[in-house]
1. Give me the percent of accessible area attributable to carbon and sulfur for chain B, probe 1.4 angstrom.
2. Just flag the GluC sites (Glu not before Pro) in the range C:1-69 sitting in loop per DSSP whose Cβ has no more than 15 other Cβ atoms within 10 Å.
3. Over the alpha carbons of chain B, what is the largest minus smallest coordinate on each principal axis, giving the biggest first in Å?
4. Just counting partner chain Cβ atoms within 10 Å, what average do the residues of peptide B:32-42 show around their Cβ?
5. To the nearest 100 Å², how much accessible surface do chains B and A hide from each other in total, with a 1.4 Å probe?
6. Show which lysines lie in cross-link reach of residue C:20 when reach means a straight Cα distance below 24 angstrom and same-chain residues fewer than eight apart are skipped.
7. Could you work out the helix-only [θ] at 222 nm for the protein assembly as shown, with each DSSP H run of four or more residues adding -39,500 (n - 2.57) and the total divided by the number of residues, to the nearest 500 deg cm²/dmol?
8. Among the aspartates and glutamates, which fall within straight-line cross-link reach of residue A:7, defined as a Cα-Cα distance under 20 Å, with same-chain neighbours fewer than 8 residues apart omitted?
Amino acid sequence: MSTLEAKLNALGLALPPVAKPVAAYIPATRFGNIVMTSGQLPTVEGHLPTTGRVGQDLLPEEAAGLARIACLNGLAAAAAVAGGLDKLRRVVRIVVYVQSADDFHGQPAVANGASEFLLALFGDAGRHARTAIGVNALPLNAPVEVELVVEVED
Amino acid sequence: MSTLEAKLNALGLALPPVAKPVAAYIPATRFGNIVMTSGQLPTVEGHLPTTGRVGQDLLPEEAAGLARIACLNGLAAAAAVAGGLDKLRRVVRIVVYVQSADDFHGQPAVANGASEFLLALFGDAGRHARTAIGVNALPLNAPVEVELVVEVED
Amino acid sequence: MSTLEAKLNALGLALPPVAKPVAAYIPATRFGNIVMTSGQLPTVEGHLPTTGRVGQDLLPEEAAGLARIACLNGLAAAAAVAGGLDKLRRVVRIVVYVQSADDFHGQPAVANGASEFLLALFGDAGRHARTAIGVNALPLNAPVEVELVVEVED
């Protein structure tokens, strides 16, 4: 078992299978030593555990858990392109889109679900730049969507 | 006529002129072999054929056609920076912003208007990572906005 | 005093201290000669001078001024990673998120607050690609959020 996979298991998680390419795009692309993932929804075995707007249909804490799941799906997509989880060297940047009630402004706390997970898994190599914003509507009524930019081994 | 331009014509399309720099930014910038475009609106000869929110003022199918137009405008911007359409080697990533009714969650179908066009034009080199999100408001009341990251020849 | 800092002062501005890392992410990361900043809010000494939605709670002109402040905060974050303001060689790309009333579509005018500032400071090296979109909700009820991609010296 790889080092990162062991850490993942120690966090009570396992690398999910990569979601099959939906229609006309792919889960991640590589350019040089950079992998950019597609926007990832918090699907578990192909289904969204929860839908709705944060601050209206679900609590920020719940959405933070979903941000972690979406982030995990993004790592799976990046690992598939990079040749394995242990080829992921460093997380450069993430964007967290939070489907938000108009008066909800706690996007950073939701995004921390992804950020703290990356720190727990990668240590210092998980320290990333981040943009967190609210939006009124996401695909499939998902509460969050996460994309990653990851530096990978040669 | 260049190879990609011939394909574009076979799709019933032609490369539009690049929209003139609006105010204080430019249509695309190059860094190494990567070109990043500005967010592109689906303008045709300087005008938006349709405005409004998808799922309220226009149908997803109509918006998918606009996503294709915005994508074409993005290719024109990238080609101008790269030195011609045939200098575009591969589409790395796109982001599709869909001006959405609050209860519209079909952003992927709208974004497919851009993605399927890129596949038709570039073949395997058009397979890209993608983020599609809904937003409540876009410039000029445009239904979609598209940005591209493209790998270009030396 | 560095050249860019002198220009900044001539514009009546000074480089602010970098906002302390909030929670689990950092203000900017570097990959090769590229620095990507986190999404920057228009905080002044840790506080937002104004909150609300543009086109409803504040005017576009006011929001343009906030976009300039957020952009300045982003330059401070990039400079800290690059080793000083004069290590910033060129602005490649910016994204401006505008917390917008549903019927407000003047995001470009708001984003010009950042773009024109970058041109004034960097000259031709400040000519960047840009995406400007509206969103319904931003962290802390901030009217704008800005992120930067900057090319830096070795």
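1. 54 percent
2. Loop-located and lightly packed - C:45.
3. 44, 34, 26
4. 4
5. Its buried surface, counting both partners, is about 2100 Å².
6. Output for residue C:20: C:87.
7. About -10000 deg cm²/dmol.
8. Of all the aspartates and glutamates, those that pass the test against residue A:7 - Cα under 20 Å, at least 8 places apart if same chain - are A:86, A:116, A:124, A:151, A:153.
The values are calculated or read from the model by the stated rules, or taken from the named source; none is laboratory data. Every value quoted in this text rests on a predicted model; they were computed, and no experiment measured them. For neighbour counting, all protein chains shown are included, and Cβ atoms are generated from backbone atoms with ideal geometry for every residue, glycine included. For the accessible areas, the whole protein counts, side chains as well, though only heavy atoms, and no ligand, DNA or RNA atoms are used. Shrake-Rupley method; radii C 1.70, N 1.55, O 1.52, S 1.80 Å.
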